[in-house]
Amino acid sequence: MLGGSIVVMKFIQIKNCYKVYKNGVTAVADLTLNIDKGEFVFVIGASGSGKSTLIKMLYREEKPTRGVVQLGGINVGKLRNRTVYKLRRKLGIVFQDFKLLPKLTVYENVAFALECIGMKNSEIRPKVLKALEHVGLKDKIRSFPNELSGGEQQRVCIARAIVNDPKLLICDEPTGNLDANTSKEIMEVLDTINKNLGTTIIMATHDLDIVKRMKRRVLVLDSGLLSKDYEKGSFRTSESV
Amino acid sequence: MRKEVLEQVKAFRILKNSIRDSFKSVFRNFSLSIASVLCTTITLILVAIAIVVTVNVNYVTKSMEKELTIVVYANRDVTDEQINNIESSIKKIGVVDNVEFKSKEEWKLEMKQYSETLEVTLDNLDTNPLLDSFVVKVKDVKDLAPTTREIRKIDGVESADYGEGMVEEIISAFNIIKTATIGMVIALIIVTAFLISNTIKLTIFSRRSEIDIMRLVGSSNISIRLPFVFEGFLLGVVGSFIPMIVTVYGYFILYEKLGSSATFSIVELVKPFPFVFYTSIILLVIGALVGMFGSARAVRKYLKI
């Protein structure tokens, strides 16, 4: 029998993390949580509860004022500005406002992410086509963003986020601009990515219907504090946030 | 080792893509590119004019300065030995560039050629009323006054003059012109840098979402900046073409009309070649550098995390 305990490194470890903005607003306070590889986690809470700050700290758009944000063993807060790109190459990020380049086609928008990191054209093509297949947009590769519906644009954004096979997909209110049916389609795409590719997904959202339907782990933030942490399937329709 | 080679290959690919993207971007953002090019063209034409004025003013003042001399007259009863002593004493003064002796006989011959009256008058005189003289050139116009004072002390010297008062005024006027024109060139280059940089900033402002996406998908700061720097370089180079042509043609015409004309013999312009060649190179370099640094500076703002 082993006497000591075995410390298992979690994929995401956030420990006693604070974020205080220059104007004195405390967005995140004493936040501690762990997320395993392959998990699908929702982050919910009212506006100003710290959801976006938490998300931004994960992709190092914001630095924690105090505490540790560790991602796959990397202390994100300690990263120098000029090396942040190395972290971002391992992540996929999906936004509410899609952030697509209007003058590029669907194919070019997804390929852009790989061109930026200096990948060969011959390697780019199969990866882009595979990513577009995952999101069901293989037949729209020559379309421009303004020729697509909101849901399709978001799927292009997801394809761009997963094209480099990231270990973590960070979604900041990806359904915020979409109607209920389209949101459902987007969630199905994300669910498939999580199940088939094993990608860890963290998604900040306001949409409780989605959260209730998906039956995944739910983190509830309130004034920067982690007020509740519901295990997979334990968040009930009747519960309020 | 293999990893290093792969990184180098990737860096080369990023560089290649940056150059390709900068060309694409010039055409994709055509109206803004035209604005940058026009801005560069106009300001570089002003820089070219300032350079032409400065160089020529300096050239004219330098050649006029060379004409400023000290005229030294020896005493009437001076001997040949004393003349030699005066000449060697003047030459000993460190700042003296050249000493030219002109005997009173040479003066007489020269003056007789001016007019018949002078010829008759001089011939009728028993003795030569003129004096032996030296024309002294100094290395720097600043040394005119002290050198003159020094020469006056030499034994056998009747007088030494350089046009006191007037020369000082001319020199200070030249200095003011020189400083003003050089200041104008520097100021114009700075203005050009700001104008081009601000125009590029506008271009980049309209493309900040592109920069944002590049950052989010993991582009390194340098690979974000490179296409913009190449683009700035390209716009700067294209923008300097017209000023270069204007300089070459404009200066040749100006030289033909002013510089080589007998009517304006006082204005002697710098010869067009190689002057226009160097000025064109300077314009090209200013355009390219200002374009590159302007872009790099403008894009830096959007790279801060």
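Identify, please: which residue in segment A:49-61 is part of a loop (DSSP other than H, G, I, E, B) and touching a residue at least 60 places away in the same chain (Cβ under 8 Å) and is, among those, farthest from the other protein chains (Cβ to nearest Cβ)?
A:Ser49
Return yes or no: is B:Leu303 touching a residue at least 40 places away in the same chain (Cβ under 8 Å), within 14 Å of chain A (Cβ to nearest Cβ) and over 21 Å from B:Ser33 (Cβ atoms)? Outline the logic, then answer.
Numbers: touching a residue at least 40 places away in the same chain (Cβ under 8 Å): yes; within 14 Å of chain A (Cβ to nearest Cβ): yes; over 21 Å from B:Ser33 (Cβ atoms): yes.
Judged against the criteria, B:Leu303 is a match.
If you check A:Leu71, A:Leu79, A:Leu87, which single one turns out to be touching a residue at least 40 places away in the same chain (Cβ under 8 Å) and either more than 10 Å from chain B (Cβ to nearest Cβ) or open to solvent by less than 40 Å² (accessible area, probe 1.4 Å) (or both)? Steps first, please.
Values: A:Leu79 fails: touching a residue at least 40 places away in the same chain (Cβ under 8 Å); A:Leu87 fails: touching a residue at least 40 places away in the same chain (Cβ under 8 Å).
Going through A:Leu71, A:Leu79, A:Leu87 in turn, just one is touching a residue at least 40 places away in the same chain (Cβ under 8 Å) and either more than 10 Å from chain B (Cβ to nearest Cβ) or open to solvent by less than 40 Å² (accessible area, probe 1.4 Å) (or both): A:Leu71.
For B:Ser18, all conditions in the list (1) away from chain A (no Cβ under 14 Å); (2) open to solvent by less than 20 Å² (accessible area, probe 1.4 Å); (3) part of a helix (DSSP H, G or I) hold save one; what is the number of the exception?
(1)
Mind checking whether some residue in segment A:124-139 is modelled with pLDDT of 90 or more, away from chain B (no Cβ under 12 Å), open to solvent by 30 Å² or more (accessible area, probe 1.4 Å) and outside any helix (DSSP H, G or I)?
Within segment A:124-139, one or more residues are modelled with pLDDT of 90 or more, away from chain B (no Cβ under 12 Å), open to solvent by 30 Å² or more (accessible area, probe 1.4 Å) and outside any helix (DSSP H, G or I).
Is it the case, given these coordinates, that B:Ile86 is more than 30 Å from B:Thr192 (Cα to Cα) and open to solvent by less than 30 Å² (accessible area, probe 1.4 Å)?
On the way: more than 30 Å from B:Thr192 (Cα to Cα): yes; open to solvent by less than 30 Å² (accessible area, probe 1.4 Å): yes.
So B:Ile86 fits the description; yes.
The rows are residues; the columns are (1) at pLDDT 95 or above; (2) not in a helix (DSSP H, G or I).
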{"position": "A:Arg155", "(1), (2)": "no, no"}
{"position": "A:Asn181", "(1), (2)": "no, no"}
{"position": "A:Ile186", "(1), (2)": "no, no"}
{"position": "A:Val189", "(1), (2)": "no, no"}
{"position": "A:Asn196", "(1), (2)": "no, no"}
{"position": "A:Ile202", "(1), (2)": "yes, yes"}
{"position": "A:His206", "(1), (2)": "no, yes"}
{"position": "A:Ile210", "(1), (2)": "no, no"}
{"position": "A:Arg213", "(1), (2)": "no, no"}
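Out of (1) more than 14 Å from chain A (Cβ to nearest Cβ); (2) farther than 30 Å from B:Val185 by Cα; (3) within 41 Å of the chain's Cα centre (by Cα); (4) of a type in the set (Lys, Arg), what's the single condition that is false for B:Arg76?
(3)
Quick one: would you say A:Cys116 is buried (at least 21 other Cβ atoms within 10 Å of the Cβ), without any contact (Cβ under 8 Å) to a residue 12 or more places away in the chain and within 13 Å of chain B (Cβ to nearest Cβ)? Steps first, please.
Details: buried (at least 21 other Cβ atoms within 10 Å of the Cβ): yes; without any contact (Cβ under 8 Å) to a residue 12 or more places away in the chain: yes; within 13 Å of chain B (Cβ to nearest Cβ): yes.
Yes: the conditions hold for A:Cys116.
The values are calculated or read from the model by the stated rules, or taken from the named source; none is laboratory data. If you're wondering where the values come from, they're calculated on a predicted model, not measured in any experiment. Methodologically, a virtual Cβ is constructed for each residue, glycine included, from the backbone with ideal geometry; neighbour enumeration extends over all protein chains shown. Each accessible area value is taken on the protein alone, full model and side chains, heavy atoms only, with ligands, DNA and RNA left out. Shrake-Rupley method; radii C 1.70, N 1.55, O 1.52, S 1.80 Å.
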